[in-house]
Amino acid sequence: MAIALAVKPYGRRFQQPLQTAHGLWTWRRGAILQLSNDQGHTAYGEIAPLPWFGSETLGAALDFCHSLGGQLTKTVPQDLPATQFAVETALAALGGLSPAPIQGDLDICGLLPAGQAGLQRWRPLVAQGTRTLKWKIGVWPVEQELAWMEQLGQQLPPPCRLRLDANGGLTVAMAQRWLAACDRLNAAPQGCTVEYLEQPLPPAQFEAMQHLAQGFKTAIALDESVATVAQLQACHRQGWPGVYGVKPAIAGSPDHLRRFWRQSAAPLVFSSVFETVVGRRAALDLAAAYHQERGTTTALGFGTQGAFGDDWDTLTPEQLWQRL
Ligand code: MG
């Protein structure tokens, strides 16, 4: 059956540019693709690349789509994981294989701004029912941030939980200080607990992170280290004992991701790459399937609604396609 493919790039401006390990992120650029079959059915997929996380660039994704000449005639190569996700989720939807949405009761992790601002920002989030909060660290001097964490640990009411995300920005000595502080807080929590420390060191220092994981009780989650399913498998083969953070929109084939979690006991935590409604629905469907199969309720890192100065979060995929 012939499947027609059309693609439209998009750009969304963040209300507040995001501080990342690679500088300020002001525009989220990606593309929506539309697949149509000769029975008149249509489905959408989203290419939301994150090149500094190891995915292809938007340019490479668009080059591949344009090379198809309007027809889906070949499978997407492995080195285009964000495009793979877009095409395969759209194909599944076109074939009626998308699961019914079961997103209502998923617990979403809230995002705190880095630094002292986080000490105030948690209040409205917790008031709205958020119980898991992510706070970026490694931005200010470690002494200062540890003192703020101490305060957060006392302020946040139980059963709140903190996820600390270093984006690979710590040294081994700094990571040891953080983990020791987390262990102390978790041993005698006055308020919240720390669920895990995410990606303390850069991906190249995998062995050092394994040593850290063995030396402390607080879990370590890998994130930058496991951007694609191939990297998830590699870390699992090397015996990673902690949590695996997964961003489905850049991980590659959803089928391969499902196979990975069905064949391993690796605990996964799903998160967003600031997709539009198209990628978000597909990624949350995968997360919901994982949670259902595993019977877990770990909070999802999808607290990204309202990050842009537009009304796209209120649109359906069809409406968004028309808008582009
Ligand atoms: Mg992270």
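A short reminder: the numbers here are calculations on the coordinates, not readings from a lab. Everything numeric in this text was worked out from a predicted model, so none of it was measured. Cβ placement follows ideal geometry from the backbone for every residue including glycine, while neighbour counts extend to all protein chains displayed.
Can you show me the helix-derived [θ] at 222 nm for the chain, built from DSSP H runs with n ≥ 4 at -39,500 (n - 2.57) apiece and divided by the number of residues, rounded to the nearest 500.
Using -39500 (n - 2.57) per qualifying helix, the result is -11500 deg cm²/dmol.
If the limit is 30 Å between Cα atoms, which of LYS8/LYS74; LYS8/LYS134; LYS136/LYS217 go over it?
Where the Cα-Cα span goes over 30 Å, the pairs concerned are LYS8/LYS134.
For THR316 and SER36, what is the calculated FRET efficiency with R₀ set at 22 Å and r taken between the beta-carbons, to the nearest 0.05?
It comes to 0.85.
Roughly what % antiparallel, to the nearest 5, for the DSSP beta bridges in the chain?
So the antiparallel bridges in the chain amount to around 50 percent.
Scan the chain and report its longest stretch carrying no trypsin sites (Lys or Arg not before Pro) that are both in a DSSP loop and have at most 15 other Cβ atoms within 10 Å.
The reported range is 75-216.
Tell me, what is the percent relative contact order of the chain, built from C-alpha pairs under 8 Å that lie six or more residues apart?
Result for the chain is 19 percent.
Excluding ALA92 itself, calculate the net charge of residues whose Cβ lies under 10 Å from the Cβ of ALA92, where each Lys or Arg counts +1 and each Asp or Glu counts -1.
Computed value for this residue: -3.
Under 5 Å between amide H atoms, partner at least 5 residues away or on a different chain: which partners does LEU106 have, H built in plane at 1.01 Å?
Distant-sequence amide H within range of LEU106: zero hits.
Given +1 on the Cβ of Lys and Arg, -1 on the Cβ of Asp and Glu, and no further charges, what dipole in debye does segment 195-324 carry about its Cα centre, rounded to the nearest 20?
So the magnitude is around 460 debye.
Grab the Cα-Cα distance for LEU324 and THR57, subtract it from 0.36 nm times how many residues apart they are, and report the gain in nm with one decimal.
Length difference between fully extended and current span is 94.1 nm.
Can you give me the long-range amide H partners of LEU111? Hydrogens built in the peptide plane at 1.01 Å from N, cutoff under 5 Å, separation of 5 or more residues or another chain.
LYS134
Cysteines without a disulfide-compatible partner in the chain, using Cβ under 4.7 Å as the rule?
By the Cβ distance rule, which asks for a partner under 4.7 Å, the isolated cysteines are CYS65, CYS109, CYS182, CYS235.
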